[in-house]
Structures are given as C-alpha cells and as structure tokens.
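Have a look at this one before I ask anything.
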Amino acid sequence: MGRHLILTVHGIGEQKPGETVDQVVGAATTWLDGNPRPPIEVERGMIELAESTFDGNPRNAELFEVNLRTVTDPAVPQDKALFAEVYWADRSPAPKGAIKTVLDLIWVVLALGYLAMDNVEQTHIRKGVASDQPNGRNTLAAQLVHLFTWIFFGAVATLNVFLLIGAAAVMTDRIPVSVFQNPALLFWLLFGLYAGGAIVGLGQSRSAPTYLRRVFWRGMLAMGTALTLCLVIGPLGLKLWVCVPSDTGNCPPALEQFVAFQVFLLSIFWATLIFLTLILYALSAWTLQINDTLSEHRRLYPSICAGMLVFWMFFISGLWLTIEQLLDTVSGLSGGQLQRLFESNLNESIETLSVAFVAIVLLGFVGVGLFAGRKTYKANLHTRSGLISRAIVNRLAQWVFLFGTIVLVLVTIREIAANQSFEAACNVGIGETNPISWALDRLACSQGEIGLIVLGATALMYRFSDFVSAGLGVARDIVTYAIRDKCYLGKDLETRQRNYPDRKAIDERFYRTLYYVLDIFPADHITVISHSQGTVIATQMLADPRVQRRIGGRTLTLITMGSPVTHIYQRYFPEMFTITASQLNASWFNIFRQDDFVGTEIEGGLIFANRNIPVDPGGHTGYFTDYQVWKALSDPAIGFDLFNPTPQPVQT
C-alpha cells in the first residue's frame, strides 16, 4: 500500500487557484513515451483555510484556497496519492487597466528600496557586534540606504504628488466662467488641496500596513504642512516672502514663484539622492564578511538605488511630458497658466532626463546583446561566464547604472556651478576639447528629441498596458516577498525575521496547507514540487523546525525547478536565505533548463553534484508540464511514482 502526498508550490506569475496542481496531476498521470499507465480515478476537492489564528483580530477570518486532487488506482484501492497546492499568487495581484498599470509601475520602482535595504543589511556587519544581535547590521552603509529610501518616498515622490495636485488646481482657469479666473479662488483651492493632502497623510501614516508606505504618507504630512505654510505666507497669500528679481529685473508672477519654490525643493532632494548613490558605490567596496563558498559580486544596493533614480526620472518625466503634450494639443487646455508654468519650469529637469534616457538606451543594448548571446549559446549556458549566463542582476547592467550615476553627478555639479556662475566647473575641462563637457552639451541640445521618445514610450506603455502589467508581475512578486512592516535596522536577527508581513503570510500558507493535508491523509512519503520563487518558499519552510516536526520523520523528496535559491537569494541576501542540507532532511533534486534566466544550479555543496539535473533549453516557464522534466522525475535516480516513489539518500 502506498500513500503519497505531493505538495506543489508555484512561482511568480498570475496563476489561478488550482491551475498548478491540475498541471502536475495531468502530467503525472499522462502516459510517458507511450508507456501505458493503469487507469486512475481523480477526485477534486477544495477547502478554504484561515490565513492566521482565528482569535478575533481581525474580527473576520481571512481565508485562502487549498485545492486538492486525490488520485486512486481502482485495481489497488489502497494506493492513493493526494496532490495539494500551496497558492500565493493573490498576494501580489496584477493591476487592471492602463492607469493602474502606470501607478503600479511607479510603485514597483519605489519598492525596489526594500531590496536595497535587505541587501545592504545582509552584506555589511557592524564592527565589534555579532550580526544576530541588536545593531549588528546597523552600519553606515545601511543607514545611508535607509536615508535614500526616506528621501525618495518621503520627499521626491510626495513633491511630485503635490505638483500634480497643484497642476490640476491651476487648470481650473480653463473653465470659461468668470469666478474661476479669480486669483483668490486659486489660493483657496490650493490651500484646500495641500492642507487636505497633509490631513490624508496624517491619517494614512497611522494605518498604512508597511514601512515605506508609512514613510510616504508621513512625507505627505510633512510636505503638505510645509507647502501649505509657504502658500499662506508666500506671494499667493500674506506676501511675507521677499521677492528676488530675475535677470530681467522683474519679479516673476506669484504663482510662478510658488511653483519655482517647489521645483527648487525637488532639485535639492534629487541632487542629494544622486550624491548618496555615489557614496553607496564607494561603501560597497568594503571587505565582505560572509561565511559561505559562494563567489562573485554580492552587493547590489548601489545598483538598485541607481536604477531607482534612472527609472523614476524616465517614467515620471514621461508623465509630465504627456501632460505638457495634452496642454499643447487640446484646444480647451492650451494658453492657460499651467502651460506657462511648464515653459518656465519643466525644461530645467530635461538634462537629467537625457542622462536617464542614455542609461535606458544602454540597458536596451545590454538586453539585446544578452538576448542574442543567450540565444546563440543556449546549450550548456549555465557553464559559461556570468556576463552571459546571468540575465537577472547581470553585471553589465550594474555597470550601466554605475555609469549613469557618474554622469548624473557630473550633470548635477555642472548645474550647481552654472547657478553659481563658476565657469570652470561648468565647462568640466577645457571647452570643446573636453569630451565630458562635449557629451553633456550634446545631451542638453537633444532634449527635444529625447522628450519625444520618452513621450512615445509612455504612449506605448498605455497602449500595451496588459503586456506591461504581465512583465511587472515578476518584479512585483519579488518585491512582495521583501516588503517589511517596520524599519527594525537596530533589532536582533529573530525580530528582523518576523518583520516581513507578506513573506510571513506566504510561508504560513505552506505550513497550514501541510498541516491540514497530513491531518486528512496519513502519508508515508512526501514530495514537494516547486518552481522559481516557489523553490525559495519551499526551502525556507522545510528548514523551519515547525514543518520538520509536522513531517515527523516521513520520507521526504524535494524537487526544485528553475530555482534562484543560491545564485540570487543566498548570494545577495545571505543572512535570511542561507540554509543547510541538514535543516531540510530531504532528498533534494534540482532540475533546470540550460538557458533559464532565473534558475540554475544549486551551489555551495547543498546537494550532490549529480542531483543538479540540466535539461534542454526552454526558458523559465512551463516546467510543470515539460516532457524532459517528467522524464527526469521518472528516472530511477529520482524515482518519482504516483503511489510508491523510490526513497533516495538524504544529503546531510
């Protein structure tokens, strides 16, 4: 009699409940190479389990689906296999519609800060303090990354929100009613919107569920309060500001002065972020103190911060350029105050947009070259240099971000020097003979063409929002697993491990699913089949003492497919994701396609060398129904069987 429990854990994507378990059941019961299998009966079931202990907090139970498929051999009814699905795709739902997709894109760019914080904290150790003790990870580099995210969320993002709110208010002058032409109305409208933004920030900062969202809403409170105060005492209100005349000797209009003040604040914060990123690159060169056998570069946080700068500038500029284009082309909107504000303030930011555009173009070249190289050398790609074998966190892309940071620093220095009339720094060398100065001048001269290209890219994103949304799913799912509840930089390791609400919820689904199915199905062999991000979830949970106690010494086989466990998670987040073979107490087999851009070999001696099983190229998706995968699973080396799998040695 065989009683086999198969637990499936899907990877990143937009899976529907039951989709993964049905794929595994279908492939497992299909004739392989025409060899007949005995007829089987399949019983479908589903139960909704509680996400957490039902103790009145929250009052209503939060439930998740567990899809079950019971397979029986009618000829030997004692033989049974129960397939159960650990489903978590709903923790990171895709946005619907073009507007929500654009907002989701902006959120994903901002939320990369979580990955930067995790990477810096887990690759730097404070001198004289054990890494698992309080303040063990509270280093200068970690403090600066946190400062970077605070400025990005709490100042740059919020100032852009208030500028958008202000733009909407200024557009009321296009309403052909005399009352809307009254400057007093604009003042009170701006006052209401800015003060309202501060009040909303106050409320949301208390209830926001995650760390950086609270930083954003606190930024809305602080910026909203400061801007409201400036509005009241400034040229639109009590006129307590002292006007500084322009080069023409005249004071700009009151509204333009107020907008220019906001743009000035934004430029100060933006310059601070640029210089912080350069400092982070310098700090990343400090000696590593990580006790494992993994090699190569381990610190990603400067590149993540640089990427946030580049993508934010590119996409936000695209948003502002779209608004400007609407003002130019829609007859009812053109000719108003907002269009004049764009003409007097937008062009100042175009030069940094040019740098972001160049970085995006270079990334495009890297992507095309990487795609062509991987396509040409896809056979045994995992044995080649990391410059071609690694698609995610590719070193060439990291060098592009470093280049972008250096150029942004040069542009910023030149802008500061120009404002201070320091010509030597403006030229960055000897006039036209200096290549850096020449290149920066060419970028500035090409600002119109670059703006049109960015505008076109924004239009394409709107037109193909469904495709963009699907692509965003990969980044969103990874970020979701890194979202933290509080800062906790100075806390001990155990406290910091509890600080990831979505990760904790996903891991809890694994435990509760396993707990339930072992209650209803006394299995004598357990097989966990996982893919992509699901392999990270599976290995983390199998290393959990609670799970090992629940398994209770049963024979356990772990199948990982397209796994980023060691070459991404353990390499860049070693404190949280380093595991040992003895913790898993399983026969672990790792199957990967030779050209998989996410998953490859399990490194660091965690499994026997012959249990890293490459199959022919085929990308990253579709493992659960791949013929070569099931051919490998059915091989005696693994010994997968519906009812009576062959036990294999456990690596310790």
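So, in segment 315-328, of the ones that are open to solvent by less than 20 Å² (accessible area, probe 1.4 Å) and closer than 18 Å to Asp104 by Cα, which residue ends up modelled with the lowest pLDDT?
It comes out as Gly318.
What are the pairs with Cβ atoms under 7 angstrom where one residue, in segment 314-334, is closer than 23 Å to Ser267 by Cα and of a type outside the set (Phe, Trp, Tyr) and the other, located anywhere, is modelled with pLDDT of 75 or more and surrounded by 13 or more Cβ atoms within 10 Å (Cβ to Cβ)? Sequence gap at least six, or different chains.
The qualifying pairs are Ile316/Asn160; Ile323/Ala167; Glu324/Phe342.
What number of residues within segment 578-587 satisfy the criterion of being open to solvent by 10 Å² or more (accessible area, probe 1.4 Å) and not in a loop (DSSP other than H, G, I, E, B)?
Here the count works out to 3.
For segment 65-95, name all the residues that are more than 13 Å from Arg3 (Cα to Cα), at pLDDT 95 or above and outside any loop (DSSP other than H, G, I, E, B).
Glu65, Val66, Asn67, Leu68, Arg69, Ala84, Glu85, Val86
Next up: Could you please find all residues in segment 271-300 being part of a helix (DSSP H, G or I) and within 21 Å of the chain's Cα centre (by Cα)?
Result: Leu273, Ile274, Leu276, Thr277, Leu280, Tyr281.
The conditions are (1) within 14 Å of Thr555 (Cα to Cα); (2) at pLDDT 95 or above, and Gly639 fails exactly one of them. Which is it?
Going through the list (1) within 14 Å of Thr555 (Cα to Cα); (2) at pLDDT 95 or above, Gly639 breaks only (2).
Kindly indicate whether any position in segment 634-646 is open to solvent by less than 40 Å² (accessible area, probe 1.4 Å) and not in a loop (DSSP other than H, G, I, E, B).
Scanning segment 634-646, I find no residue that is open to solvent by less than 40 Å² (accessible area, probe 1.4 Å) and not in a loop (DSSP other than H, G, I, E, B), so the answer is no.
Go through (1) within 22 Å of the chain's Cα centre (by Cα); (2) open to solvent by 40 Å² or more (accessible area, probe 1.4 Å); (3) modelled with pLDDT of 95 or more and name the single condition Gln628 misses.
Unmet for Gln628, out of (1) within 22 Å of the chain's Cα centre (by Cα); (2) open to solvent by 40 Å² or more (accessible area, probe 1.4 Å); (3) modelled with pLDDT of 95 or more: (1).
Taking only segment 40-69 into account, find how many residues are in contact (Cβ under 8 Å) with a residue 24 or more places away in the chain and touching a strand residue (DSSP E or B) at 6+ places or on another chain (Cβ under 8 Å).
Qualifying residue count, segment 40-69: 17.
Sticking with this structure for a sec: Scan segment 264-280 residue by residue and report those that are open to solvent by 40 Å² or more (accessible area, probe 1.4 Å) and either of a type in the set (Phe, Trp, Tyr) or modelled with pLDDT under 90 (or both).
Phe264, Ser267, Phe269, Phe275
Assess whether Asp55 counts as being of a type in the set (D, E, K, R) and either loosely packed, with under 12 Cβ neighbours inside 10 Å or farther than 23 Å from Thr480 by Cβ (or both).
So Asp55 passes the test.
When only residues in segment 288-300 that are touching a Lys or Arg at 6+ places or on another chain (Cβ under 8 Å) and open to solvent by 30 Å² or more (accessible area, probe 1.4 Å) count, which is modelled with the lowest pLDDT?
It comes out as Glu296.
Looking only at segment 351-373, decide whether some residue is touching an Asp or Glu at 6+ places or on another chain (Cβ under 7 Å) and modelled with pLDDT of 70 or more.
no
For segment 109-125, check the following and say yes or no: at least one residue is part of a helix (DSSP H, G or I), at pLDDT below 90 and either farther than 25 Å from Ala282 by Cβ or small (Gly, Ala, Ser) (or both).
yes
Taking the residues in segment 301-311 that are under 13 Å from the mean Cα position of the chain (by Cα) and hydrophobic (A, V, I, L, M, F, W, C) as candidates, determine which candidate is modelled with the lowest pLDDT.
Among them, the one singled out is Phe311.
The values are calculated or read from the model by the stated rules, or taken from the named source; none is laboratory data. Please read all numbers here as calculations on a predicted model, not as lab measurements. Positions of Cβ are backbone-derived with ideal geometry, glycine not excepted, and every protein chain shown enters the neighbour counts. We work out accessible area using only protein heavy atoms, side chains counted, and drop any ligands, DNA or RNA first. Shrake-Rupley method; radii C 1.70, N 1.55, O 1.52, S 1.80 Å.
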